[in-house]
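The values are calculated or read from the model by the stated rules, or taken from the named source; none is laboratory data. The shown structure was predicted, so the numbers you read here are calculated from the model rather than taken from an experiment. FYI the Cβ positions are ideal-geometry reconstructions off the backbone, even for glycines, and counts take in every protein chain you see. Protein only, heavy atoms only, side chains kept; ligands, DNA and RNA dropped before computing areas. Shrake-Rupley method; radii C 1.70, N 1.55, O 1.52, S 1.80 Å.
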Amino acid sequence: MLLEIKVKNFRSIKDWQTFSMLAESKVKEMKESVVKSANLNILNSAILYGRNASGKSNILNSFKALQYLVVRSAEYKVDEDIESYEPFKLCPVSNKNPTEFSIDFLAKNGLRYIYSIGFSKKEIEYELSLRFELFRLKFFLDLMVNNTISLKNKIKNNINFINLDRRKYIL
């Protein structure tokens, strides 16, 4: 079950944008629209709305791009273009920065996972997966290309962000 997806430097999205299915803790109206799971209040439906050309479709396209990255990642070859890389084009610096996605979800096994990835035209710059068990964060995969990190001292129960090599990846 999707909790949140965060997108940065993808198509018309320059800075971090978040699509969240998490409801506020004290919902007073339309309680039937909120599902309680894993001690979280989760919306059972949502609507994207906004002006024309405001990025609604690109939030949805980020789902497709992330799926493509995960499903096809075993087929990537060194120095081959990553098709999902479509940086923000209205800023000349953006094409030098990675496109970044972070997805927070509950799996069928009831565990909460966060998967984050940053990639450029030719390489995956970082990949990070986190698993929550009984409301405690457990690190189970870290693949960093051209970066080294030490998470053991940084991961705590009430984590808000992880600072990886001068960049903040909001979780």
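Remarks
- Strands (runs of 3 or more DSSP E) completely within region 60-158 that count 3 or more residues being farther than 30 Å from L48 by Cβ and at pLDDT below 90: 136-144
- Hits in region 16-43 - residues which are within 22 Å of the chain's Cα centre (by Cα), surrounded by 12 or more Cβ atoms within 10 Å (Cβ to Cβ) and part of a loop (DSSP other than H, G, I, E, B): W16, M21, A23, A38
- Yes/no for A46 being free of Cβ contacts under 8 Å to residues at least 60 places away in the same chain and part of a loop (DSSP other than H, G, I, E, B): yes
- Scanning region 49-58 for residues that are more than 18 Å from F119 (Cβ to Cβ) and in a helix (DSSP H, G or I) yields K56, S57.
- L90 fulfils the conditions (1) open to solvent by 60 Å² or more (accessible area, probe 1.4 Å); (2) free of Cβ contacts under 8 Å to residues at least 60 places away in the same chain except for a single criterion, (2).
- Test for V70: is it of a type in the set (A, V, I, L, M), over 20 Å from the mean Cα position of the chain (by Cα) and either loosely packed, with under 12 Cβ neighbours inside 10 Å or within 20 Å of D104 (Cβ to Cβ) (or both): no
- Test result for R72, touching a Gly at 6+ places or on another chain (Cβ under 8 Å) and either of a type in the set (K, R) or more than 25 Å from S129 (Cβ to Cβ) (or both): no
- The one condition from (1) touching a residue at least 60 places away in the same chain (Cβ under 8 Å); (2) within 20 Å of the chain's Cα centre (by Cα); (3) open to solvent by 90 Å² or more (accessible area, probe 1.4 Å) that N9 does not meet is (3).
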